[in-house]
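A quick write-up on the structure given underneath.
The values are calculated or read from the model by the stated rules, or taken from the named source; none is laboratory data. This is a predicted model, so every value here is computed, not measured. Neighbour counts run over all protein chains shown; Cβ positions are idealised from the backbone, glycine included. Remember, those area values only see protein heavy atoms, side chains included, never the ligands or the DNA or RNA. Shrake-Rupley method; radii C 1.70, N 1.55, O 1.52, S 1.80 Å.
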Amino acid sequence: MTSNYVYALVSILAWAVSGPVITYGLKQIPGETKARGILLGLLISLLSGTASLSLWVLPHARGLDFSFPLIAAGVFTFPVATGLYYLSGYAFGGKVEIASQFTRVKPLFSVAFAALVLGELLTSRTWISLAFVAVGTILFLIGSLRGTFRFVALLLGLLAALSWAIGEIFIKLGTGGSTAINSTFVSLCSATLAFVPVAFPAILKRPSYVTPKWAAPFIFHGIVSFGIGYACFYASIRAIGVGKTALLTAFWPATSLVLGWAISRARKENTRLPRVVWIASILLLLGSLIQALDF
């Protein structure tokens, strides 16, 4: 069981590190071309993630299985959920590491889907962990209603969470007949091909600021988050199921928040965050730690 825990831990670290990096990338997009820039940035992330995985997968491509569940997992997980995640970060002033906190309602969706659709059993610790996640989510809702942050940021985060949770069900359904890294490649490659027509208008009108330096954060996000984080995430879902993996990886937004806060302080930027964000993040962190005790 220790190796299963390591898969989730690597996912947490990969996503936490990539959060502040993609925050920097989004901040470089001028406001008047924000939508086009997000489309191009997401396409760059998808292409770089696919390319990085292909270096490992294509020399041994005989195990690839382009099944409907893996293709659906890719579409819901990568362009849809990640696109909403980028938009949510922009809605919260470009701070993706804060927007990631709102998406932590995902374990509520994931555990419910896992129990109802996949028949996964919930332990007593899972219920306690889920309670902490639920309370943390409620605090975010209260903060939104009181105007602590923009409601549209929360709405986009909730939609991203729902899309991620749906994607996780398809991951579980599709990873039985192949290795985790092969399954991740199939999902990511399929998602990239599906997203190219969507991003094509933005490609034709490429803004002048699209340079290698601007693209670097999105390349990093594709390699680290998509290539490394999701390969381990697929492996974790295959090994221990959707519900436990979702609760364990609810740890990463709090880690990303602390990293983003530390970077902002080092740059002498405004580091003041709403108290409700910190409290809710601590509750989500506790929920993940309690679930980790099952190992």
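Brief remarks follow.
- Residue order by solvent-accessible surface for Lys34, Lys244 is Lys244, Lys34, largest first, with ligands and nucleic acids left out and a 1.4 Å probe.
- Computed label-point distance, nm, for sites Val135 and Val196 using a 7 Å Cα→Cβ extension: 5.0 nm
- Here the calculated FRET efficiency for Ala35 and Phe66, from their Cβ-Cβ distance with R0 = 22 Å, stands at 0.10, rounded to the nearest 0.05.
- Modelled FRET efficiency - R0 35 Å, Thr123 with Lys27, Cβ distances, 0.05 increments: 0.25
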